[in-house]
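A.B. asks: Can you read through this structure? Questions will come right after.
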Amino acid sequence: MSLMQISEPGEAPRTAEHRRAAGIDLGTTNSLVASVIDEQAVTLGDGQGGQLLPSVVRYLASGSPRVGLTDQQFIHDDPLNTISSVKRFMGRGVEDIRKLADQFPYEFVRAERGMPRIRTVAGDFSPVEVSAEILKALKTRAEQALGGELEGVVITVPAYFDDAQRQATKDAAQLAGLKVLRLLNEPTAAAIAYGLDQGAEGIHAIYDLGGGTFDISILRFSKGVFEVLATAGDSALGGDDIDRVIAEWLLDQAGIGADADQGCLQEIMYHARKAKEALTAQDSFAFSIERPDGALWQGRLERVVFEDLIRPVIKRTLAPCKRVLRDANIDVRDICEVVMVGGSTRIPCVRDMVGAFFHCQPHVDIDPDKVVAIGAAIQADILVGNKPGDDMLLLDVIPLSLGIETMGGLVEKLIPRNTTIPVTRAQKFTTFKDGQTAMVIHVVQGERELVSDNRSLARFELQGIPPMVAGAAHIQVTFQVDADGLLSVSARELSTGVETGIVVKPSYGLSEEEIEHMLRDSLTHASDDVSIRRLREYQVEAERAINVIQVALAENGERLLSREERARIDMALAALQAVQDGDDYLAIKQAMTNLDRATAEFAERRMNASIHDALTGHKVNEFSG
Ligand code: ADP
Ligand code: MG
């Protein structure tokens with residue numbers, strides 16, 4: 001697969017003025033914001049020396065919620081209103097959450113449209129709204145540090161996040177009033193922070209073990225360009241699991257029953273985490289814990305015992321490591337370097353086990369807590385247009401295969417996992433019954449063969465197919481995944497041109513009305529904000545449209561367009577670029593419509609070409625670049 005360098009349209013026209021941009025690591029346990037200041041990416045602190053913002057939101061009976069409590073006592077005092085690890089619930093449906101819910105003290109309620117919410121004294125809040133509080137706190141921190149409003153941010157997500165989880169993250173950013181320049185996979189951000197592309201060519205593994213998620217990515221660097229070969233991971237494995245193992249040991253040692261009240265259990269978790277973090281630097285840890293019956297329990301955990309306890313958890317990270325090597329079609333000996341990311345990689349025995357698995361000494365030089373935010377800040381700085389001449393953008397891959405349901409409840413994959421994005425793939429299907437005039441397109445995500453084993457993303461119907469004998473109609477289904485990993489799907493009956501399509505918004509998601517409603521509720525300058533939001537949406541849309549066209553032109557503009565056609569598209573593109581950053585949303589809208597018209601024919605030809613290529617056994621990408 002070849003790679004292209006994409007130059008970002010947002011960069012032109014450039015001014016000498018420095019634009020305020022930030023990178024945000026929206027973590028399960030801790031969140032950070034970083035920015036490039038004087039050509040140096042730095043994390044922005046809270047003014048009191050703290051850099052990490054604990055991803056904890058405490059709702060109060062009156063007043064706005066408090067974010068980032070460092071005083072763990074609050075968890076003890078008020079577990080039902082103190083929400084942590086909310087990232088684990090992002091984009092999850094009621095069923096998914098039920099599986100996780102027994103690990104958390106909160107009360108989940110099912111709101112309208114099946115979207116889960118967490119009940120607090122201040123009302124019921126969705127995970128998206130809770131995350132938005134964290135983002136707002138980071139936004140405020142960054143704007144104070146940088147002395148003005150942010151123009152855009154890059155937010156990182158685990159490579160393993162599916163479409164729903166990515167969309168939920170974007171919704172949260174929108175609620176927080178942030179303009180998202182790009183979602184970026186966390187391991188990819190770490191690679192940028194290390195500037196690995198500046199170094200030797202080779203294949204590297206990024207091992208990220210945080211508080212709640214594990215990611216492993218294989219990246220290849222050659223000729224100064226990054227390629228993500230494959231990613232794997234586990235979206236429910238991290239330092240929290242280590243805490244739990246230690247907590248169980250503590251309960252057992254201290255003779256406290258698992259039926260102890262929530263406050264007591266949370267306190268045990270707190271001690272477990274303290275012990276774990278201390279054992280990075282020391283060989284043993286002393287406990288002094290008050291039991292529910294008021295008696296004091298004192299005990300000691302030796303590092304060797306600690307390591308025996310946690311080894312099974314660490315071992316669970318090695319299965320995705322094996323899988324990712326298989327997916328990337330490489331041998332462990334092909335890996336040149338291993339980069340450690342995430343707070344849990346501070347644990348010496350994690351470093352040892354990972355080093356042993358990859359047969360090399362892992363990199364630990366950059367603070368593993370900050371490395372993702374720093375990479376995101378570097379990327380945000382480029383995307384916002386502060387780095388003339390540095391146009392290189394990383395290309396990511398989709399984490400899970402995308403396909404549609406075919407007869408018999410089987411999945412036909414249109415885009416296999418680990419395909420580089422942005423990507424467009426089309427495939428032809430036909431009718432099953434004579435005279436069939438409608439067809440349901442059921443979009444699914446996942447690796448399994450049966451639809452029922454995968455995640456259902458969306459369902460829509462193509463109507464108006466002319467009655468024909470079975471198998472005579474040609475229905476072309478097109479999947480397009482944009483640079484953020486978000487999918488749109490369209491279906492078209494080729495003889496009549498009847499077409500229908502959707503942008504896949506996960507069924508849990510907030511409707512536009514809901515977002516707008518919440519925006520109005522949560523912000524004081526309601527009417528201004530609504531029009532600003534509309535403008536931003538158009539700006540983001542314009543950016544995306546330009547990006548898509550540029551990729552398409554680079555891919556097969558040469559092959560499919562005459563000089564006149566190309567000139568027409570270039571003109572429409574330039575017209576959109578000229579108004580893209582202005583504040584006249586109608587002008588942007590008009591320019592986008594014009595660009596759509598100018599490129600309609602080209603899109604058609606690309607689709608045909610891609611089918612042709614598929615039929616003749618070539619991938620579209622092989623012709624590019
Ligand atoms: P996330 O990306 O999930 O927000 P982080 O990368 O911030 O997570 O890592 C948080 C995890 O790292 C927590 O489980 C925390 O207990 C753990 N951690 C932080 N410091 C240490 C340490 N010194 N030893 C072991 N684990 C640590
Ligand atoms: Mg992290």
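A.B. asks: Checking the structure you have, find out if any residue of region 465-472 is part of a strand (DSSP E or B), outside the structural domain of V228 (by TED's automatic domain parsing), more than 24 Å from the chain's Cα centre (by Cα) and crowded, with 17+ Cβ neighbours inside 10 Å.
C.D. replies: No, region 465-472 has no match at all.
A.B. asks: OK, next. Just to verify a result, which residue in region 298-331, among those that are of a type in the set (K, R) and without any contact (Cβ under 8 Å) to a residue 12 or more places away in the chain, is farthest from G233 (Cα to Cα)? So that I can check it myself, show each step before the final result.
C.D. replies: The first filter runs over region 298-331 and keeps only residues of a type in the set (K, R), leaving 300, 303, 311, 315-316, 322-323, 326.
Checking the rest, the ones that are also without any contact (Cβ under 8 Å) to a residue 12 or more places away in the chain come to 322, 326.
Working: K322: 10, R326: 13 Å.
Of everything passing the filter in region 298-331, R326 is farthest from G233 (Cα to Cα).
A.B. asks: State all residues of region 173-190 that are in a helix (DSSP H, G or I) and away from ligand 1 (no atom under 16 Å from the Cβ); if no residue qualifies, say none.
C.D. replies: The answer is A173, Q174, L175.
A.B. asks: Oh, and also: Kindly check whether there is at least one residue in region 94-115 that is modelled with pLDDT of 90 or more and basic (K, R).
C.D. replies: So far as region 94-115 goes, no, none of its residues is modelled with pLDDT of 90 or more and basic (K, R).
A.B. asks: While we're here: Here is a check on your reading of the model: is D365 of a type in the set (D, E), closer than 27 Å to E447 by Cα and surrounded by fewer than 17 Cβ atoms within 10 Å (Cβ to Cβ)?
C.D. replies: No, not satisfied.
Quick grid of which residues meet (1) open to solvent by less than 10 Å² (accessible area, probe 1.4 Å); (2) at positive phi; (3) in contact (Cβ under 8 Å) with a residue 24 or more places away in the chain:
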| site | (1), (2), (3) |
| --- | --- |
| V86 | yes, no, yes |
| G93 | no, no, yes |
| I97 | yes, no, no |
| T140 | no, no, no |
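A.B. asks: Now for a separate question. Only one of K136, K170 is within 17 Å of P54 (Cα to Cα), of a type in the set (K, R) and in a helix (DSSP H, G or I). Can you tell me which?
C.D. replies: After ruling out the rest, the residue left standing is K136.
A.B. asks: Would you check which residues across region 411-433 are modelled with pLDDT of 80 or more, over 25 Å from G233 (Cα atoms) and not β-branched (V, I, T) and list them?
C.D. replies: R425, A426, Q427, K428, F429
A.B. asks: For region 277-297, does any single residue satisfy the condition of being in a helix (DSSP H, G or I), within 16 Å of ligand 1 (Cβ to nearest atom) and either touching a residue at least 60 places away in the same chain (Cβ under 8 Å) or farther than 30 Å from R220 by Cα (or both)?
C.D. replies: Checked region 277-297: at least one residue is in a helix (DSSP H, G or I), within 16 Å of ligand 1 (Cβ to nearest atom) and either touching a residue at least 60 places away in the same chain (Cβ under 8 Å) or farther than 30 Å from R220 by Cα (or both).
A.B. asks: Another question, if that's okay. Does R311 qualify as being surrounded by 18 or more Cβ atoms within 10 Å (Cβ to Cβ), within 16 Å of ligand 1 (Cβ to nearest atom) and among the basic types (K, R)? Quick ask: steps written out before the conclusion?
C.D. replies: Details: surrounded by 18 or more Cβ atoms within 10 Å (Cβ to Cβ): no; within 16 Å of ligand 1 (Cβ to nearest atom): yes; among the basic types (K, R): yes.
Against the criterion (surrounded by 18 or more Cβ atoms within 10 Å (Cβ to Cβ), within 16 Å of ligand 1 (Cβ to nearest atom) and among the basic types (K, R)), R311 does not qualify.
A.B. asks: Residues S456, S495: which one is assigned to a loop (DSSP other than H, G, I, E, B), open to solvent by 60 Å² or more (accessible area, probe 1.4 Å) and modelled with pLDDT under 85? Give the derivation first.
C.D. replies: Values: S456 fails: assigned to a loop (DSSP other than H, G, I, E, B).
Testing whether each residue is assigned to a loop (DSSP other than H, G, I, E, B), open to solvent by 60 Å² or more (accessible area, probe 1.4 Å) and modelled with pLDDT under 85 leaves just S495.
A.B. asks: Let me ask another. Can you tell me which condition I502 does not meet? The list is (1) assigned to a helix (DSSP H, G or I); (2) open to solvent by 30 Å² or more (accessible area, probe 1.4 Å); (3) at pLDDT below 85, and all the others hold.
C.D. replies: (1)
A.B. asks: Does G239 satisfy the condition of being of a type in the set (G, A, S) and within 18 Å of the chain's Cα centre (by Cα)?
C.D. replies: no
A.B. asks: I've got another one for you. Which of the strands (runs of 3 or more DSSP E) contained wholly in region 194-270 include at least 2 residues that are farther than 25 Å from R323 by Cβ and within 15 Å of ligand 2 (Cβ to nearest atom)?
C.D. replies: No strands (runs of 3 or more DSSP E) qualify here.
A.B. asks: Next question. Determine which member of the set S35, S2, S64 is surrounded by fewer than 16 Cβ atoms within 10 Å (Cβ to Cβ) and at pLDDT 85 or above. Walk me through how you get there before you give the answer.
C.D. replies: Details: S35 fails: surrounded by fewer than 16 Cβ atoms within 10 Å (Cβ to Cβ); S2 fails: at pLDDT 85 or above.
Just a single option satisfies the conditions, and that option is S64.
A.B. asks: Can you spot a residue in region 202-222 that is among the β-branched types (V, I, T), in the same structural domain as V33 (by TED's automatic domain parsing), more than 30 Å from A132 (Cβ to Cβ) and crowded, with 24+ Cβ neighbours inside 10 Å?
C.D. replies: yes
A.B. asks: A further question follows. Return the residues of region 298-353 that are part of a helix (DSSP H, G or I), under 27 Å from the mean Cα position of the chain (by Cα) and among the charged types (D, E, K, R); say none if nothing qualifies.
C.D. replies: Once the filter is applied, which keeps residues that are part of a helix (DSSP H, G or I), under 27 Å from the mean Cα position of the chain (by Cα) and among the charged types (D, E, K, R), region 298-353 yields K315, K322, R323, R326, D327, R346, R351.
The values are calculated or read from the model by the stated rules, or taken from the named source; none is laboratory data. Not measured: the values here are computed from a predicted model. With ideal geometry, Cβ positions are generated from the backbone for all residues, glycine too; neighbour counts draw on all protein chains shown. We work out accessible area using only protein heavy atoms, side chains counted, and drop any ligands, DNA or RNA first. Shrake-Rupley method; radii C 1.70, N 1.55, O 1.52, S 1.80 Å.
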